[in-house]
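Right, one structure below, let's go through it.
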Amino acid sequence: MAVSRKMKNILLLVCVLLGCASCRSRSDQGLGSIVETQSVPVFSDPSGAKVFVNGMEMGETPISLTLSKDRNHKVGILKDGYVLHTVMLTQQADGKNQASRLTPEVINIVLESRS
C-alpha cells in the first residue's frame, strides 16, 4: 500500500507534536539526580533501516528514541543496499528558561541506493 506524500507529512507533524515533548526521568547513576530526556522520532524511506545511537543498535525505522539532553548524540541509519547516513544531535540552549534541547528534533531521511 503506497502512502501519499500528504499522509507522510501529516504523520510527521503528528509525531512532532506528540513525540517531541521533553520529560524528566531519574537516573540510576546517582542518588536523586535527574536527567532530562527528549523523544526524537526517526523515519526513513524506505523504512526498516537499522538505527544506531552512539554506536549501539536501537531498532529499526520508524522509531522514537528517548535520549538524554545532557550530551550530543551520533545517530546512524543503515539499510542493506543503501548508503549509511549519520546525523549529529546537538544540544541547543532554550533562551527562555536556559533549558537545553537536542536538534534536529525529528530525523527524516530518504535513503540513497549504493548503485
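The values are calculated or read from the model by the stated rules, or taken from the named source; none is laboratory data. All values derive from a computational prediction rather than experimental measurement. Ideal geometry is used to build each Cβ from the backbone, glycine not excepted, and the neighbour counts take in all protein chains shown.
There is no residue in the range 107-115 that is without any contact (Cβ under 8 Å) to a residue 12 or more places away in the chain and either closer than 17 Å to Val35 by Cβ or surrounded by 12 or more Cβ atoms within 10 Å (Cβ to Cβ) (or both). Could you list, in sequence order, the residues of the range 60-76 that are more than 14 Å from Ser47 (Cα to Cα) and either in contact with a helix residue (DSSP H, G or I) (Cβ under 7 Å, 6 or more places away or on another chain) or surrounded by fewer than 17 Cβ atoms within 10 Å (Cβ to Cβ) (or both)? Across the range 60-76, the qualifying residues are Thr66, Ser68, Asp70, Arg71, Asn72, Lys74. For Lys79, state whether it is of a type outside the set (A, V, I, L, M), within 15 Å of Gln38 (Cβ to Cβ) and crowded, with 17+ Cβ neighbours inside 10 Å. So Lys79 fails the test.
Where strands (runs of 3 or more DSSP E) sit wholly within the chain, those with at least 2 residues that are modelled with pLDDT of 60 or more occupy 34-45, 50-53, 56-60, 63-68, 73-78, 85-93, 100-103, 107-110.
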